[in-house]
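Enquirer: Have a look at this one.
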Amino acid sequence: MPETTVDGTIVDTVTEVPVAVVGAGPAGLMLAHLLGRAGVESAVLDLRTRAEIETTHRAGILEADVARDLVETGVGDRILREGQEHTGTELRVGGRPYRIDFRELVGASVWLYPQTEVFKDLADARERDGGTAHFGVRDTEVLDVGTDAPRVRFTAADGTRHELRARYQVAWFGVMAQAPSSAEELVYAQSDRGFALISRRTETVQRMYFQCAPDERVEDWPEERIWATLQERVAGEDGFRLTEGPVLERTVLRFRSFVQEPMRWGSLLLAGDAAHTVPPTGARGLNLALHDVKVLAGVLTRALGREGEPALDAYQPAALRRVWRAQHFSSWMTRLLHTPPGATPFELRRQLGELDCVVGTRAGRAYLAEQYTGWPSADR
Ligand code: PHB
């Protein structure tokens, strides 16, 4: 279905992606490849078709470190098989040959391996790894680069119009305050000024968070500004007010989401934050970590007993399903409750429609309750 963008332009799709790469030559594709290995999604575009780039002859020599990087990141097999290592070169001066022996002189060599082949290897890797690359696009426009919500718009090879939008970046401003609790239970507040969460640590210490920009500086937030921001985000017809008191601590918490798959490398088993991170909105992080180690304790015990190492095979399948559920729930709660910077009026109304489905129907409330309280373990 066509969508209207922030500036009123109508496009066929709007896609959120953390990084848009304009130019799908070897550098653009290598960037996407390296980001992919670091768990960062991207979309790469190029005006040229794949066939055009593949047949545009350019460079032919890879220096030692570049070849090594390609090999070490899994896109250099063909360099080793089909490339030629050159340990020197000849300079002909006035008809006389002079060999420059790289290896002897500096202990290095270079590889003769054409740019077209580097491109093919990287383009194949994007395909193999399920990355997004659009070739043969037209009318590329890079928009709003001075803001934290940049966009890239283009016409795809089939004539459809698309917009890529940097995934909206939110962070939480975390506050610890010496003040009696404002509510018996946690309050997750959506408001047109942004999200706020009221939690607590003890009867007299409140733990609170409010949505802020990822580059927010704690120095810019004196106590009065913090309280005013929190109060206006929770205010409502019922006259709800937070009990105020001295702010003991303030921190900006940036959101990150990743899953390290596989969760097992031989006898190294990853659990908790080493294996995954979720945005804090769904309160899943610690719970997920403790579920991982519950499964892990079981398989390690079995592996050290009669079953031996094969018992370790059961770890990832038992842990990973919950990891992806939590990944989904945390990003769903985040989108449900935060105000995306640069959102269109349409998007804001759609979000209110979604919130209405959650709070206004029993099934909606049950869905949230089931995810929030955690899924039963396999052994329950
Ligand atoms: C907290 O109390 O620190 C807390 C509670 C719920 C969340 C995140 C953090 O979703």
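The values are calculated or read from the model by the stated rules, or taken from the named source; none is laboratory data. Just so we're clear, the structure is a prediction, and the values are computed from it rather than from any experiment. Glycine gets a Cβ as well: all are built from the backbone with ideal geometry, and neighbour counts include every protein chain shown. Heavy atoms of the whole protein, side chains included, go into the accessibility calculation; ligands, DNA and RNA do not. Shrake-Rupley method; radii C 1.70, N 1.55, O 1.52, S 1.80 Å.
Enquirer: What are the ³J(HN,Hα) values, in whole Hz, obtained from phi via the Karplus relation 6.51 cos²θ - 1.76 cosθ + 1.60 with θ = phi - 60°, for each residue of the range 10-23 in sequence order, with x given for Gly and Pro?
Expert: These are the phi-based 3J(HN,Hα) values: 9, 10, 7, 9, 10, 10, 8, 8, x, 9, 9, 10, 9, x Hz.
Enquirer: Given all pairs of different Cα atoms, what value in angstroms does the Kirkwood hydrodynamic radius of the chain take?
Expert: For the chain, inverting the mean 1/r across all distinct Cα pairs yields 25.0 Å.
Enquirer: As a test of reading the structure, rank His328, His134 by solvent-accessible area (1.4 Å probe, protein chains only), most first.
Expert: Output order, biggest surface exposure first: His328, His134.
Enquirer: Per q in 0.19 1/Å, what log10 I(q)/I(0) does a Debye calculation on the alpha-carbon atoms of the range 108-235 return?
Expert: -1.08
Enquirer: With +1 on the Cβ of every Lys and Arg and -1 on the Cβ of every Asp and Glu, and nothing else charged, how large is the dipole of the chain about its Cα centre, in debye rounded to the nearest 20?
Expert: 660
Enquirer: So, one more: Run the numbers on the range 277-341 and let me know its relative contact order in percent, using alpha-carbon pairs under 8 Å that are six or more apart.
Expert: Reported relative contact order: 48 percent.
Enquirer: Just add up the charged neighbours of Ala369: K/R +1, D/E -1, any other residue whose Cβ is under 15 Å from the Cβ of Ala369.
Expert: +2
Enquirer: Shape verdict for the range 44-192, please, from the Cα gyration tensor: rounded (a/c under 1.5), prolate (a/b greater than b/c) or oblate.
Expert: In terms of gyration-tensor shape, prolate.
Enquirer: Can I ask one more? Considering all projection directions equally, how large on average is the shadow of the alpha-carbon convex hull of the range 244-380, in square nanometres?
Expert: Projected area, direction-averaged: 12.1 nm².
Enquirer: Highest GNM mean-square fluctuation, the chain, Cα pairs closer than 10 Å: which of Leu80, Leu164, Leu304?
Expert: Evaluated over the chain, the most mobile residue of the options is Leu304.
Enquirer: Top to bottom by accessible area (1.4 Å), largest first, where do Tyr98, Tyr367 land?
Expert: Tyr98, Tyr367
Enquirer: Taking θ as phi - 60°, what are the ³J(HN,Hα) couplings along the range 270-285 by the Karplus curve (6.51, -1.76, 1.60), each to the nearest whole Hz, with x for Gly and Pro?
Expert: Result, rounded to whole Hz: 9, 9, x, 4, 5, 9, 6, 9, 10, x, x, 4, x, 6, 9, x.
Enquirer: Shape of the range 101-180 from its Cα gyration tensor (a ≥ b ≥ c, root eigenvalues): rounded if a/c is under 1.5, otherwise prolate when a/b > b/c, or oblate?
Expert: In terms of gyration-tensor shape, oblate.
Enquirer: May I pose another question? Springs between alpha-carbon pairs under 10 angstrom, Gaussian network model over the chain: which of Arg193, Arg201, Arg96 fluctuates most?
Expert: Maximum among the listed residues: Arg96.
Enquirer: Sort Lys294, Lys120 by heavy-atom solvent-accessible area, probe 1.4 angstrom, most to least.
Expert: I get Lys294, Lys120, largest accessible area first.
Enquirer: With the chain treated as a Gaussian network of Cα nodes joined by springs under 10 Å, which of Arg207, Arg161, Arg241 yields the largest mean-square fluctuation?
Expert: Highest fluctuation of the listed residues: Arg241.
Enquirer: Name the residue farthest towards the positive end of the dipole of the range 243-284 from the options His276, Phe255, Gly245, assuming +1 on Cβ of Lys and Arg, -1 on Cβ of Asp and Glu, about the Cα centre.
Expert: His276
Enquirer: What translational diffusion coefficient, to the nearest whole µm²/s, does the range 221-278 have by Stokes-Einstein, given a Kirkwood radius computed over alpha-carbon pairs, a temperature of 25 °C and 0.890 mPa s viscosity?
Expert: Rounded, D is 160 µm²/s.
Enquirer: Which value, in Å² and to the nearest 10, is the accessible area of Ile61 when all protein chains are kept and the probe is 1.4 Å?
Expert: 90
Enquirer: I'd like the antiparallel share, as a percent to the nearest 5, of DSSP beta bridges with both residues in the range 1-148.
Expert: Among the beta bridges of the range 1-148, antiparallel pairing accounts for roughly 65 percent.
Enquirer: With every protein chain present, what accessible area does Phe102 have (1.4 Å probe, heavy atoms only), rounded to the nearest 10 Å²?
Expert: 50
Enquirer: Now, a different point. Tell me the relative contact order for the chain as a rounded percent, counting alpha carbon contacts under 8 Å between residues six or more apart.
Expert: Once divided by the residue count of the chain, the mean separation gives 13 percent.
Enquirer: Mind putting a number on the dipole of the range 266-314 about its Cα centre? Charges go on the C-beta only, +1 for Lys and Arg and -1 for Asp and Glu, and I need it in Debye to the nearest 20.
Expert: So the dipole magnitude of the range 266-314 works out to roughly 160 debye.
Enquirer: Provide the solvent-accessible area of Cys357, counting protein heavy atoms only and rolling a 1.4 Å probe, rounded to the nearest 10 Å².
Expert: 80
Enquirer: Something else now. At 222 nm, what value in deg cm²/dmol follows for the chain if DSSP H runs of at least 4 each add -39500 (n - 2.57) and the sum is divided by all its residues, to the nearest 500?
Expert: Helix contribution divided over all residues of the chain: -11000 deg cm²/dmol.
Enquirer: Moving on to the next point. Which percent, to the nearest 5, of DSSP beta bridges fully inside the chain are antiparallel?
Expert: 80
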